[in-house]
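One structure is given here, and the rest of the page talks about it.
The values are calculated or read from the model by the stated rules, or taken from the named source; none is laboratory data. Treat the numbers as computed from the prediction; the structure is a model and nothing was measured. So basically every Cβ, Gly included, is an ideal-geometry build from the backbone, and we count neighbours across all protein chains shown.
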Amino acid sequence: MTPEPKSATAFAPGGVGNIGPGLDILGLALAGQGDTVRAEWADERGIRILQSGHPDLPADPSRHTAGLAAMAVVERAGDRRGRNRGIALTVRKGLPLSGGQGGSAASAVAGAVAVNALLGNPLDRLALVGACLDAEEGVSGRHADNVVPSLLGGIVLIRSLEPLDLVQLPVPDELCVVIARPDQQLRTAHSRSVLPAAIPREVALHQAAQVGAIVAALASGDYALLGRAIDDRIAEPVRAGLLPGFRQAKQAALDAGALGSSISGGGPTAFALVRGQKAGDKVAAAMTDAYAACGYKSEVRVAQIDRQGARIIGDSERAQA
């Protein structure tokens, strides 16, 4: 009989929500930065957060996505141990707060995966998606474009939330993503508040065509088509005004050879799709210079797609995360 684990630690990557025109229905996971959550048995009943990961994040588990996800996993698993003994969480943030890189989703995913492992993995990945959606809903709304890629890895289309229907899309071998985060913060609730309640038919048709083109481009490896399809006419026009320097950084990215560029999630991070590391380095330098010209320092990196998604990690990996 396998001994009961005393603790479990999970890592979940950040990523890019929407990928331009795919508002709430497309997302990708990025290699590199992410959030880590350690779950361990505790004598005190219920879920506790020992470390929230950042001074600005609450230690109240009912207000922290890692805590909310942990509670959702225990509830969905119907596990008496989790209810009677209690679980303590230690969160380590590798992603910026209000940065548009899926930070709240990554905390939820890492928390859910860690607690599920502590309980002996009673929930499958689809059930974990539901637990993470419950957590995100309590903080930033019920949308899965960050949660699902962080959990599953790769590039994902959310065909439906009710019932849940997820499609993992092919990832072209040379596809890289430039991520540029200016020294700004934009809360998800604020960025979502400016979205239009209704859109004209021609905008809806255009948006649907771009999402279809993205799926076709990924399936066929057509990088040029992929770039042309990064054309968002719903969120980007209204959010760009909240993000000083974004328009200049986007234009600089395109001028430097990016396939396409838009806002990552709700912002303030901007992203650009590129073909290969060399092209990414050139675009990254151009975006850095563009933000600097607008008076903003920026953190810019070139990342590959994280194809693995959330995973349990050991002590050595936890030290590096």
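Annotations
- Within the option set ALA110, ALA117, ALA180, ALA131, being assigned to a helix (DSSP H, G or I), crowded, with 23+ Cβ neighbours inside 10 Å and in contact with a strand residue (DSSP E or B) (Cβ under 8 Å, 6 or more places away or on another chain) holds for one residue only, ALA110.
- Answer residue from the stretch 221-238, given it is of a type in the set (D, E, K, R) and assigned to a helix (DSSP H, G or I) and is nearest to LEU186 (Cα to Cα) among those: GLU236
- Selection count, the stretch 134-166, where residues are in contact (Cβ under 8 Å) with a residue 40 or more places away in the chain and exposed (fewer than 15 other Cβ atoms within 10 Å of the Cβ): 2
- Taken over the stretch 148-171, the criterion of being modelled with pLDDT of 95 or more and either part of a loop (DSSP other than H, G, I, E, B) or under 13 Å from the mean Cα position of the chain (by Cα) (or both) is satisfied by VAL148, PRO149, SER150, LEU151, LEU152, GLY153, GLY154, ILE155, VAL156, PRO170, VAL171.
- Enumeration of residues in the stretch 53-72 that are aliphatic (A, V, I, L, M) and touching a residue at least 12 places away in the same chain (Cβ under 8 Å): LEU57, ALA66, LEU68, ALA69, ALA70, MET71, ALA72
- In the stretch 3-15, the residues that are in contact (Cβ under 8 Å) with a residue 12 or more places away in the chain and either of a type in the set (Val, Ile, Thr) or surrounded by fewer than 24 Cβ atoms within 10 Å (Cβ to Cβ) (or both): GLU4, PRO5, LYS6, SER7, ALA8, THR9
- Selection of first residues in the stretch 16-31 that are touching a residue at least 60 places away in the same chain (Cβ under 8 Å) and farther than 16 Å from THR188 by Cα and of second residues that are of a type in the set (Ser, Thr, Tyr) and not in a strand (DSSP E or B), restricted to Cβ pairs under 8 Å at least 6 apart or on distinct chains, gives the following pairs, ordered by first then second residue: ALA29/SER150.
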